[in-house]
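Participant: Let me begin by handing over the structure; questions about it come next.
Just so it is clear, none of the values below were taken in a lab; they were calculated from the coordinates. Keep in mind the model is a prediction, meaning the values are calculated, not measured. In this analysis, Cβ positions are derived from the backbone assuming ideal geometry, glycine residues included, and neighbour counts consider all displayed protein chains.
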Amino acid sequence: MRDPRYDILFEPQAIGPLVAKNRFYQVPHCNGAGYRDPSAAAAMRGIKAEGGWGVIFTEQTEMHHTSEITPFIELRLWEDQDIPALRKMSDAMKTHGALAGIQLAYSGINGPNFYTKEVPLAVSAGPIRTFTNDPVQARALDKTDIRNLRRWFVNAAKRSKLAGFDLICLYGAHGFGIFQHFLSRATNQRGDEYGGSLENRSRFAREVVADMRDAVGDTMGITMRVSLDETIGEMGFSNAEVRDFIEMNRDLPDLWDLAHGAWEDCSGPSRFKEEAAQEQLVRGIRELSDKPVVGVGRFTSPDVMARMIRSGTLDFIGCARPSIADPFLPQKIEQGRIEDIRECIGCNICVTGDMTQSISRCTQNPTFMEEWRKGWHPEKMNAKGESQSVLVVGAGPAGLEAARALSLRGYDVALAEAGTALGGRVAKERLLPGLSAWGRVADYRAYQLSQRPNVQTYFNSALSAEDILGFGFQNVAIATGATWRADGVARMHVTPIPNSGMPVFTPDDLMAGRLPSGKVVVFDDDHYYMGGVLAELCAQKGCDVTLVTPSAYVSDWTLNTLEQGAIHRRLVAAGVKIVLNQGIAALTSSGVSTSCVYTGAASEIGCDAVVMVASRISNDGLFLDLQARAADWADAGIRSVKVIGDACAPGPIAWATYAGHRYARELDMPDIGDALPFRREVTALAVD
């Protein structure tokens with residue numbers, strides 16, 4: 001069943017004393033669960049084992065209490081009582097023959113220690129480097145501290161073995177991790193034998209690996225994750241230096257795990273990073289060591305994966321986000337089911353779980369992190385309930401996912417779309433600058449529906465409540481989306497912005513091809529990607545663009561998707577003028593009146609048109625009409641009517657696919673009353 005071109009991806013590969021069954025390597029990735037939701041994280045990793053991954057790693061695991069990164073919720077291996085939760089995870093990882101790996105991290109200059117209240121320890125003294133510029137400084141490790149730190153790593157290695165792991169990853173990439181801090185002259189300004197030359201800066205890594213080999217190296221593989229290039233100038237750990245480091249220490253770990261620069265460099269969204277974007281930085285490194293190499297690059301194409309192996313660039317295909325979007329990616333390649341892969345769209349909504357200390361989501365895979373909490377499996381649906389038919393109104397992301405999942409349960413599904421294309425908002429947004437990959441949300445579901453004999457799709461079908469009452473469907477899902485407001489009502493304004501004659505365009509106007517001209521002000525009170533994307537679009541079309549936002553950042557919420565800096569740079573390069581901390585008080589016939597969000601100080605910006613990126617209004621009129629005629633449902637054979645997705649409450653696309661999937665899962669299921677709709681773990685009280 002497998003295409004012979006991909007046979008190379010399924011060859012077993014040695015990592016130290018162990019052998020991975022194939023080259024599919026789920027590199028460490030966070031998920032918002034950490035020490036708070038260990039069973040949810042364990043089940044998520046177990047699903048990947050079932051999906052065929054040869055190597056599966058945890059996320060960053062804090063290995064000692066003197067270095068932790070509260071408020072972020074990662075795993076912890078501080079003491080023996082942390083072992084059982086991690087053992088549950090390693091057991092799940094190994095259920096289908098995968099190697100289970102744990103990533104051990106000592107955060108050093110990145111660890112503010114807000115929970116433990118310990119004084120942070122770093123390679124060199126300096127301010128803590130965090131996302132939020134915490135007003136804390138670290139003191140430099142002295143020789144006793146370094147000896148202690150080496151011992152703590154050995155203790156963590158022994159606990160990792162007791163917890164059932166096969167592999168240990170020593171974290172030194174993305175600007176995080178004590179190993180990178182020793183290697184980089186930006187964070188290592190020591191004058192002793194641990195600083196200065198590259199050989200000296202490598203000393204700590206050599207010592208820790210030697211210590212750990214003595215402790216567990218006969219039974220566990222030791223990998224090291226290093227930065228390919230810090231990209232911070234002359235003081236940074238450059239790509240040339242990482243090559244020198246690997247050649248100098250060619251046999252140091254059992255595998256080299258290569259990751260680019262800062263986290264936003266390594267996991268940049270598809271809007272700014274193509275598949276295999278790190279290939280040039282990695283190429284040739286494999287020749288410098290006798291040990292295997294794994295690299296990442298949001299690999300979604302089996303052809304690109306096979307090329308990376310055949311060219312000698314990589315020995316393992318490292319994936320984080322693609323393994324989230326489709327945990328069964330290896331199995332689908334092996335079974336010749338390439339068209340069934342849910343491709344990662346690179347939106348980075350998964351990253352926001354970690355950044356917001358919440359349970360992660362995936363736009364493509366709504367079951368991500370719900371494997372244990374709700375019992376959702378990405379490839380299997382629960383059995384059909386007692387009813388037979390469902391009408392889904394609206395073929396956007398919520399409607400498409402609902403129809404797909406309902407059909408898998410065995411329902412007869414009719415999908416009614418008012419327009420002439422599937423995808424709803426995705427069909428329009430995929431045409432905006434940089435968002436073409438997002439179209440896979442619709443493409444995947446359209447193909448899956450085309451393979452289902454129990455789904456009928458109807459275009460040009462704008463339905464009324466009277467129409468639906470006459471059809472005879474037992475269940476009705478209203479997924480009619482939402483419309484962008486033109487009046488400015490959002491966060492700053494709860495009533496419409498006064499307008500005395502200024503032409504106003506909405507995102508819907510621009511996506512429909514109705515574009516402004518001349519001098520344009522884009523007002524962004526949405527703060528996700530849309531304001532920046534439309535400012536870029538207007539600049540591409542020759543407009544003189546000024547982006548105004550009440551926030552201190554352009555596209556403020558995209559700090560959580562690791563793209564805020566890239567968006568700002570892209571807009572500056574496009575000639576967009578950026579005005580921060582300013583709201584629009586009024587629209588006049590010649591421009592906009594702005595006011596400082598802090599002082600209220602007023603100013604004027606002349607323009608010919610305003611693009612208003614504010615909030616959206618749910619298109620729930622059909623649902624409300626049906627509710628008003630609830631007394632007629634029984635005679636029409638209708639058992640349930642539910643509004644889902646943006647028609648219920650507008651949100652990111654991932655919220656819509658989740659809503660569609662949840663509707664499909666819960667249809668005809670027993671009423672749980674006031675019970676929680678998911679499982680959770682509660683901290684146990686300590687024995688006094």
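Participant: Considering every pair of different Cα atoms, what Kirkwood radius, in Å, is found for the chain?
Facilitator: Hydrodynamic radius (Kirkwood, Cα pairs) of the chain is 26.9 Å.
Participant: Round to the nearest 0.05 the FRET efficiency obtained for ARG680 and ASP608 when R0 = 51 Å and r is the Cβ-Cβ distance. Don't skip to the answer; put the middle values down first.
Facilitator: Working: r = 53 Å, r/R0 = 1.04.
The formula returns an efficiency of 0.45 here.
Participant: What are the ³J(HN,Hα) values, in whole Hz, obtained from phi via the Karplus relation 6.51 cos²θ - 1.76 cosθ + 1.60 with θ = phi - 60°, for each residue of the range 592-605 in sequence order, with x given for Gly and Pro?
Facilitator: 10, 9, 10, 9, 5, 5, 9, 10, x, 4, 9, 8, 10, 10
Participant: Also, I was wondering about something else. What is the Cα convex hull volume of the range 328-463 when expressed per residue in Å³? Walk me through the numbers on the way to the answer.
Facilitator: Numbers: hull volume 18.3 nm³, N = 136.
Dividing the Cα hull volume of the range 328-463 by its residues yields 134 Å³.
Participant: Identify all lysines with a Cα-Cα distance to LYS332 below 28 Å; exclude those on the same chain that are fewer than 8 residues away in sequence.
Facilitator: Leaving aside lysines fewer than 8 places away in the same chain, those within reach of LYS332 are LYS21, LYS48, LYS88, LYS94, LYS273, LYS374, LYS380, LYS384.
Participant: Taking the Cα-to-Cβ direction at LEU18 and at VAL304 and moving 7 Å from each Cα, how far apart do the two end points lie in nm?
Facilitator: That separation, rounded to one decimal, is 2.8 nm.
Participant: For the range 1-97, report the translational diffusion coefficient in µm²/s to the nearest whole number, using Stokes-Einstein at 20 °C, 1.002 mPa s, and a Kirkwood Rh over Cα pairs. Display every interim value, and only then the final one.
Facilitator: Working: Rh = 14.7 Å.
Taking Rh from Cα pairs, D becomes 146 µm²/s.
Participant: A further question on this structure: For the Cα atoms of the chain, what angle does the longest principal axis make with the long axis of helix 38-50, in degrees from 0 to 90, nearest 10?
Facilitator: That helix lies at roughly 90 degrees to the long axis.
Participant: Using alpha carbons only, how many degrees (0 to 90, rounded to 10) separate the axis of helix 530-540 from the longest principal axis of the chain?
Facilitator: 80 degrees
Participant: Specify the inter-centroid distance of the range 100-128 and the range 445-491, based on alpha-carbon positions, in whole Å.
Facilitator: Using only Cα atoms, the two centres lie 50 Å from each other.
Participant: Between the DSSP loop rule and a limit of at most 14 other Cβ atoms within 10 Å, which GluC sites (Glu not before Pro) in the range 241-329 are left? Present the calculation step by step, with values, prior to reporting the outcome.
Facilitator: Working: sites: GLU241, GLU247, GLU264, GLU274, GLU275, GLU279, GLU287; in loops: GLU274, GLU275.
Sparse-neighbourhood loop GluC sites (Glu not before Pro): GLU274.
Participant: For the ranges 105-113, 537-545, 627-635, 33-41, what's the packing order if you count other beta-carbon atoms within 10 Å of each residue, average per peptide, and put the highest first? It would help to have the intermediate numbers written out before the result.
Facilitator: Working: 105-113: 26.9, 537-545: 18.7, 627-635: 11.6, 33-41: 22.2.
By packing density, highest mean first, the sequence is 105-113, 33-41, 537-545, 627-635.
Participant: How would MET235, MET502, MET1 line up from fewest to most surrounding beta-carbon atoms within 10 angstrom?
Facilitator: Values: MET235 13, MET502 20, MET1 6.
So the residues, fewest neighbours to most, are MET1, MET235, MET502.
Participant: To the nearest 10 degrees, how steep is helix 653-666 against the longest Cα principal axis of the chain, on a 0 to 90 scale?
Facilitator: Taking the Cα atoms of the chain, the angle to 653-666 is about 80 degrees.
Participant: Which residue, chosen from TRP263, ILE128, GLY651, occupies the Cα position most advanced towards the positive end of the dipole of the chain, where the dipole is computed from +1 (Lys, Arg) and -1 (Asp, Glu) charges on Cβ about the Cα centre?
Facilitator: Of the candidates, TRP263 comes out farthest on the positive side.
Participant: Rounded to whole Hz and in sequence order, give me ³J(HN,Hα) for the range 462-475 from the Karplus expression 6.51 cos²θ - 1.76 cosθ + 1.60, θ = phi - 60°, writing x for Gly and Pro.
Facilitator: Residue by residue, the range 462-475 yields 7, 9, 10, 4, 4, 4, 5, 5, x, 7, x, 6, 7, 10 Hz.
Participant: Using only helices, what value at 222 nm comes out for the chain when you add -39,500 (n - 2.57) per DSSP H run of length 4 or more and divide by the total residues, to the nearest 500 deg cm²/dmol?
Facilitator: Details: 23 runs with 199 residues, N = 688.
The helix contribution divided over the chain gives -8000 deg cm²/dmol.
Participant: Which of the three applies to the range 179-320, rounded, prolate or oblate, going by the alpha-carbon gyration tensor with a ≥ b ≥ c and a/c under 1.5 meaning rounded? Spell out each step's value before the answer.
Facilitator: Details: a/c = 2.12, a/b = 1.32, b/c = 1.60.
Verdict is oblate for the range 179-320.
Participant: What FRET efficiency do you get for GLU287 and VAL154 if R0 is 45 Å and r is their Cβ-Cβ distance, rounded to the nearest 0.05?
Facilitator: On the way: r = 32 Å, r/R0 = 0.71.
After rounding to 0.05, the efficiency reads 0.90.
Participant: Shifting gears a bit: Taking Rh as the Kirkwood radius computed over C-alpha pairs, what is the Stokes-Einstein D of the range 443-496 at 20 °C in a medium of viscosity 1.002 mPa s, expressed in µm² per second?
Facilitator: Translational diffusion coefficient: 141 µm²/s.
Participant: When the chain is fully extended, how far beyond the present Cα-Cα distance does GLU11 get from ALA630, taking 0.36 nm per residue of separation?
Facilitator: On the way: separation 619, 0.36 × 619 = 222.84 nm, distance 5.98 nm.
Residue separation times 0.36 nm, minus the Cα-Cα distance, leaves 216.9 nm.
Participant: Taking loop as defined by DSSP and a crowding limit of 10 other beta carbons within 10 Å, which trypsin sites (Lys or Arg not before Pro) in the range 312-411 fit?
Facilitator: Numbers: sites: LYS332, ARG337, ARG342, ARG361, ARG373, LYS374, LYS380, LYS384, ARG404, ARG409; in loops: ARG337, ARG342, ARG361, ARG373, LYS374, LYS380, LYS384.
Here the trypsin sites (Lys or Arg not before Pro) that fit, given the DSSP loop and packing criteria, are LYS380.
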